[in-house]
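Student: Questions regarding the structure given below will be posed in turn.
The values are calculated or read from the model by the stated rules, or taken from the named source; none is laboratory data. If you're wondering where the values come from, they're calculated on a predicted model, not measured in any experiment. Please note: Cβ atoms are built from the backbone with ideal geometry, for glycine as well, and neighbour counts cover all protein chains shown.
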Amino acid sequence: MNNTTISQSPLDDLQSKMHCFALPFGALGFVVHFLGIIAIWYFINNESPLPTITIERFQQNLWMGCMGICGGIGVSIYNAIRCRDEWPLVLLSIWKGIVIASVNATSIELNIEFIRRRRPYSRSNEPDVGASLVPYYFAPLVGIAGLGAIAWEGWEDPRMKTACSVAVVAYILVMAAIGTVIIMGRDAKGFWHEVGVWIFGLWLGVALLGVMVSDWILAAAAGNMDGVPRGRDIVFVCTYALYLAAALIPLMNV
């Protein structure tokens, strides 16, 4: 009598758990969150992410930013409720919601500064933004435990190992870039000051890359590397689309 052994991937169980997760991940999520970082860069420099556009419609931008915050937080909470039986996915839902809310809040902060000065941006009167990014910097504290749990559960699968390896390489490259910026043009101000600067740099790398790394690890867990929802119900697709809209709203500052 022949015994047949059925090989099961470590990701099979994860894929069934990921069925509830209705927020973007994979290539699609990566692009959306990368665009969010680009938007933050432009906001810090008091500019619109849209090329050749000067920010002038402050009230419109404020309303859009408020909608982005409400939409991003709303769908993230809804997704956390959908996945309430899987605590790692709950933490990742909260993480993604904080990221989207922070990007939109930075847009709001910039436009409030413009309104306060009663005139469009000029080099002689530059708004100063950044307070709204504090939650963005600390958001990984919420999600890293969940991300680690998912990576650990699927670690034996080559796809998960590949996603984690790429994340490590990307982090090293980003830290090399941040380290170069820290070192160049700076004078040492004491040992503990330098330690603080480097710790901040290390954590900044985590904050910048964290949510994008989660996109690829979730993609490996779900067996869907492009992140495009296929064969899902209308509620799932609408949740997915609302998150995308909330994430892309900050790019529309005009």
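Student: Would you be able to tell me the number of residues in region 51-91 that are of a type in the set (Lys, Arg), out of contact with any Phe, Trp or Tyr (no Cβ under 9 Å at 6 or more places or on another chain) and either in contact (Cβ under 8 Å) with a residue 60 or more places away in the chain or in a helix (DSSP H, G or I) (or both)?
Tutor: Looking only at that region, the number is 1.
Student: Mind counting the residues in region 8-48 that are of a type outside the set (D, E, K, R), outside any helix (DSSP H, G or I) and surrounded by fewer than 21 Cβ atoms within 10 Å (Cβ to Cβ)? Quick ask: steps written out before the conclusion?
Tutor: Restricting attention to region 8-48, the residues satisfying the condition of being of a type outside the set (D, E, K, R) are 8-11, 14-16, 18-46, 48.
Then drop every residue that is not outside any helix (DSSP H, G or I), which leaves 8-10, 21-25, 45-46, 48.
Right, trim to surrounded by fewer than 21 Cβ atoms within 10 Å (Cβ to Cβ) and you get 8-10, 45-46.
Here the count works out to 5.
Student: Are any residues in region 110-140 at pLDDT 85 or above and in contact with a strand residue (DSSP E or B) (Cβ under 7 Å, 6 or more places away or on another chain), and if so, which ones?
Tutor: None - no residue of region 110-140 is at pLDDT 85 or above and in contact with a strand residue (DSSP E or B) (Cβ under 7 Å, 6 or more places away or on another chain), so the list stays empty.
Student: In addition: I need the full set of residues from region 186-227 which are touching a Gly at 6+ places or on another chain (Cβ under 9 Å), part of a helix (DSSP H, G or I) and in contact (Cβ under 8 Å) with a residue 40 or more places away in the chain, in order please.
Tutor: Gly210, Val211, Met212, Ser214, Asp215, Trp216, Ile217, Leu218, Ala219, Ala220, Ala221, Ala222
Student: May I pose another question? Which one of Ser107, Ser93 is within 21 Å of Ile217 (Cβ to Cβ), buried (at least 22 other Cβ atoms within 10 Å of the Cβ) and either at pLDDT 90 or above or not hydroxyl-bearing (Ser, Thr, Tyr) (or both)?
Tutor: Criteria check complete, one pass: Ser93.
Student: When the residues of region 54-76 are filtered to those that are of a type in the set (A, V, I, L, M) and closer than 15 Å to Leu248 by Cβ, which remaining residue is surrounded by the most Cβ atoms within 10 Å (Cβ to Cβ)?
Tutor: In the first step, residues of region 54-76 are kept if they are of a type in the set (A, V, I, L, M); the result is 55, 62, 64, 67, 69, 73, 75.
With closer than 15 Å to Leu248 by Cβ added as a condition, the list becomes 64, 67, 69, 75.
Details: Met64: 20, Met67: 14, Ile69: 21, Val75: 25.
Residue satisfying both the conditions and the ranking: Val75.
Student: Sticking with this one: For residues in region 140-173 being in contact with a Leu (Cβ under 7 Å, 6 or more places away or on another chain) and not in a helix (DSSP H, G or I), which is surrounded by the most Cβ atoms within 10 Å (Cβ to Cβ)?
Tutor: Among those residues, the one meeting the criterion is Gly154.
Per-residue answers, yes or no, for (1) among the hydroxyl-bearing types (Ser, Thr, Tyr); (2) modelled with pLDDT under 85; (3) in contact with a Phe, Trp or Tyr (Cβ under 8 Å, 6 or more places away or on another chain):
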{"position": "Trp155", "(1), (2), (3)": "no, no, no"}
{"position": "Met160", "(1), (2), (3)": "no, no, no"}
{"position": "Ala176", "(1), (2), (3)": "no, yes, no"}
{"position": "Val181", "(1), (2), (3)": "no, yes, no"}
{"position": "Ala188", "(1), (2), (3)": "no, yes, no"}
{"position": "Ile199", "(1), (2), (3)": "no, yes, no"}
{"position": "Val206", "(1), (2), (3)": "no, no, yes"}
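Student: Sticking with this one: Does region 221-232 contain any residue that is crowded, with 24+ Cβ neighbours inside 10 Å, within 19 Å of Leu89 (Cβ to Cβ) and under 15 Å from the mean Cα position of the chain (by Cα)?
Tutor: The answer is no, given that none of the residues of region 221-232 is crowded, with 24+ Cβ neighbours inside 10 Å, within 19 Å of Leu89 (Cβ to Cβ) and under 15 Å from the mean Cα position of the chain (by Cα).
Student: Quick one: what pairs do we get from region 14-30, first residue at positive phi, second among the aromatic types (Phe, Trp, Tyr) and surrounded by 17 or more Cβ atoms within 10 Å (Cβ to Cβ), C-beta under 9 Å, 6+ apart or different chains?
Tutor: Qualifying pairs under 9 Å: Gly26/Trp216.
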